[in-house]
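Written below as structure tokens is the structure these notes are about.
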Amino acid sequence: MELLDTLQRPLRDLRISVTDRCNFRCTYCMPREVFGPGYQFLNRTEILSYEEITRLARIFVSLGVEKLRITGGEPLVRKDLHQLLAQLRAIPGMRDLTLTTNGSLLRAQAQKLKDAGLQRITVSLDSLDDAVFQSLNDSGVPVATVLDGIKAAQEVGLAPIKVNAVVKRGVNDHTVVDLARHFRGTGIILRFIEFMDVGATNGWKLDSVVTAKEIVETISREIPLEPAEANYRGEVAKRWRYTDGSGEIGIIASISQPFCGDCTRARLSPEGELYTCLFSNRGHDFRALLRGGASDEEIAAFAASVWQVRADRYSELRTSETAALPKVEMSHIGG
Ligand code: SAM
Ligand code: SF4
Ligand code: SF4
């Protein structure tokens with residue numbers, strides 16, 4: 001029997017955040033003023049082991065999850081991540097295993113990740129202009145390092161590769177056409193993300209959001225675009241293809257065109273809390289069950305009970321008041 005929430009949405013995707021730590025301090029995600037030397041990250045005993053994550057993932061797959069995405073924080077800062085991927089790869093019924101990374105450590109790990117069974121990868125890169133990129137990541141990592149990580153992913157055969165760029169008004173919106181030109185015709189799918197009011201520390205304002213419409217218009221003026229059909233129901237990114245056949249881009253318009261109606265995603269935090277929406281302020285504690293001796297059946301029953309009462313549709317109901325409410329940080333549960 002298919003597990004449905006109160007809005008008839010099945011549970012299909014599980015995003016697994018393996019760490020709340022990151023070697024970047026992107027201003028829209030982990031601003032240095034908040035995530036500075038005094039910030040208390042989770043300690044080793046608090047975060048789930050790879051065995052615990054794999055057990056939960058297996059249970060979620062038995063409930064209908066088909067796709068697993070590893071995220072963070074920065075997933076590649078967690079030791080021996082490839083070992084987790086190998087364990088997840090072996091889960092029967094799991095169809096798609098992918099990972100989102102800032103790309104800075106990818107050159108060193110790409111081959112191991114591929115060998116462990118990773119199929120494809122998403123790399124975040126907000127601008128090709130070094131000054132702009134470094135002002136956003138606030139950690140001194142240059143564009144060239146990330147581009148080299150993407151190259152490494154190509155070399156080992158991770159495909160398709162997607163590149164995510166968050167667009168913030170007055171910060172990197174003047175560099176979107178450069179990004180489009182760079183990745184056009186390479187087979188790498190570039191996706192622009194509207195700046196979101198995730199967490200409570202990134203100083204989000206509606207004025208800083210460059211909408212999907214604006215992004216498409218800006219690119220189209222230089223390289224004409226036309227809308228393309230979605231690949232499947234519930235695809236988060238709206239597809240646009242270049243009219244000259246040189247490829248496509250995607251736009252994730254969580255602010256201007258919310259897609260809650262098709263949201264089939266649950267998110268697992270590093271310490272084993274399950275969030276049914278990116279904008280929740282509270283998770284459901286699975287670590288207590290895992291470490292308290294619960295059986296697989298008991299854990300599955302808890303997961304089903306959480307999903308069946310789910311009514312989240314935050315982006316469809318967003319107002320300036322809800323944007324200011326406390327929410328879990330993006331760096332904690334991943335994108
Ligand atoms: N560290 C990895 C990375 O940056 O790819 C994985 C985790 S990161 C939280 C996942 C994605 O969320 C990234 O593509 C990032 O750009 C995006 N993101 C973070 N904060 C965001 C915000 N406020 N609005 C939109 N996207 C955001
Ligand atoms: Fe780190 Fe990714 Fe957040 Fe940037 S977006 S601070 S790379 S977790
Ligand atoms: Fe899904 Fe929540 Fe985002 Fe809506 S706001 S698409 S329910 S994560």
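The values are calculated or read from the model by the stated rules, or taken from the named source; none is laboratory data. Fair warning: this is a prediction, and the values are worked out from it, not measured in the lab. Using ideal geometry, Cβ is built from the backbone for each residue, glycine included, and neighbour counts are taken over all protein chains shown.
Per-structure values
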{"quantity": "From the options Ile91, Ile53, residue that is of a type in the set (Val, Ile, Thr) and surrounded by 21 or more Cβ atoms within 10 Å (Cβ to Cβ)", "calculated": "Ile53"}
{"quantity": "Residue match in region 180-194 (condition: within 14 Å of ligand 2 (Cβ to nearest atom), touching a Cys at 6+ places or on another chain (Cβ under 9 Å) and of a type in the set (Val, Ile, Thr))", "calculated": "no"}
{"quantity": "Residue list for region 101-111, filter: away from ligand 2 (no atom under 11 Å from the Cβ) and either of a type in the set (Gly, Ala, Ser) or touching an Asp or Glu at 6+ places or on another chain (Cβ under 9 Å) (or both)", "calculated": "Leu106, Arg107, Ala108, Ala110, Gln111"}
{"quantity": "Pair list, Cβ under 6 Å, 6 or more apart: region 89-102 residue farther than 24 Å from Ser331 by Cα, other residue of a type in the set (Lys, Arg)", "calculated": "Ile91/Arg58"}
{"quantity": "Set Leu48, Leu14: member being outside any helix (DSSP H, G or I) and either within 16 Å of ligand 1 (Cβ to nearest atom) or modelled with pLDDT under 95 (or both)", "calculated": "Leu14"}
{"quantity": "Exclusive hit being touching a strand residue (DSSP E or B) at 6+ places or on another chain (Cβ under 9 Å), among the polar types (S, T, N, Q) and not in a strand (DSSP E or B), set Ser104, Ser139, Ser127", "calculated": "Ser127"}
{"quantity": "Selection count where residues are hydroxyl-bearing (Ser, Thr, Tyr) and over 30 Å from Arg9 (Cα atoms), scope region 60-119", "calculated": "1"}
{"quantity": "Scope region 308-335; condition under 30 Å from Val77 (Cβ atoms) and assigned to a helix (DSSP H, G or I); matching residues", "calculated": "Tyr314, Ser315, Ala323, Met330, Ser331, His332, Ile333"}
{"quantity": "Of residues in region 307-335 being of a type in the set (Gly, Ala, Ser) and within 16 Å of ligand 2 (Cβ to nearest atom), the one surrounded by the fewest Cβ atoms within 10 Å (Cβ to Cβ)", "calculated": "Gly335"}
{"quantity": "Single residue of Thr201, Thr175, Thr145 found to be in contact with a Pro (Cβ under 9 Å, 6 or more places away or on another chain) and either in a helix (DSSP H, G or I) or crowded, with 16+ Cβ neighbours inside 10 Å (or both)", "calculated": "Thr201"}
